[in-house]
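The structure appears right after this line, and notes come after that.
What follows draws every value from the coordinates through simple rules; no lab data is involved. Just so we're clear, the structure is a prediction, and the values are computed from it rather than from any experiment. Cβ atoms come from the backbone with ideal geometry, glycine included; neighbour counts cover every protein chain shown.
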There are 2 protein chains.
Amino acid sequence: MTLVLVPRQKQYRDEQVMLKLGQKIRDKRLQKGFSQAHLANLCNLELSQINRIELGKINTSVSHIFLIAKTLGVKPAELLEF
Amino acid sequence: MTLVLVPRQKQYRDEQVMLKLGQKIRDKRLQKGFSQAHLANLCNLELSQINRIELGKINTSVSHIFLIAKTLGVKPAELLEF
DNA sequence: TTGCTATTAGGCAAATCTGCCTAATAGAAT
DNA sequence: ATTCTATTAGGCAGATTTGCCTAATAGCAA
């Protein structure tokens, strides 16, 4: 009999999705001619957060997707089309 | 001169969005005739997690949205249409 | 060069989510 | 009532995100 310590499963992150979403947001932002800082101000989010999302470093939430979509004047669903 | 401790801003959560997303996922799941447990198995997610998402209690992530959409056989963007 | 703006990087604490588990509740059918 | 399945609830620790901040880097214009 041996006792084995089984590590917990990590949270699921799809880096492909994170990267693609970030690129999509960046595209829409640039179409509007906004800087990251400007978008952050309009959303009342931190610049660093916008940057992390665009770079695909974080697995952001539905609420943030809706907030950003609204600010960019696009449908939230559109940000997931890739 | 007084020193004031300013509480940090809470994370942004749009409960309307969370609830609507949950309802949408539930609708699609029921259309497939799946139980929450079955969907959870297919996604390799916890049943409790599926339940919390459907009830709109949590502000879930893009990766999870894509995972669930794939399992339900719908486009991720479709889950954000409401 | 200098100056200015934009982007990227990263640290830190607190908030939140997720995985994992058990249990309670609801509802239907027998 | 009992049994069975489905849903809901909730606790807990660890992982991740977020808010807040400062700084470094890139790029461009004058």
Phi-derived 3J(HN,Hα) across segment A:67-75 with the Karplus relation (6.51, -1.76, 1.60, θ = phi - 60°), rounded Hz, x for Gly and Pro, is 5, 5, 4, 4, 5, 8, x, 10, 6
In deg cm²/dmol, rounded to the nearest 500, the helical mean residue ellipticity at 222 nm of the protein assembly as shown, built from -39500 (n - 2.57) for every DSSP H run of length 4 or more, is -17500 deg cm²/dmol
Partner shielding of B:17-27, as the mean number of partner chain Cβ atoms within 10 Å, equals 2
Dividing the mean separation of Cα pairs under 8 Å (6+ apart) by the residue count of segment A:15-79 yields a relative contact order in percent of 40 percent
Spelling it out for B:T60: with amide H atoms placed in the peptide plane at 1.01 Å from N, the residues 5 or more places away or on another chain with amide H under 5 Å from its amide H are A:V62
Taking the square root of 5λ for each eigenvalue of the C-alpha gyration tensor of segment A:15-79, the equivalent ellipsoid has semi-axes, largest first and in whole angstrom, of 15, 13, 11
Plugging the Cβ-Cβ distance of B:L42 and A:Q9 into 1/(1 + (r/R0)^6) at R0 = 25 Å yields, to the nearest 0.05, a FRET efficiency of 0.95
Measuring from the longest principal axis of the C-alpha atoms of chain A, the long axis of helix A:15-32 (C-alpha) lies at a number of degrees, nearest 10, equal to 10 degrees
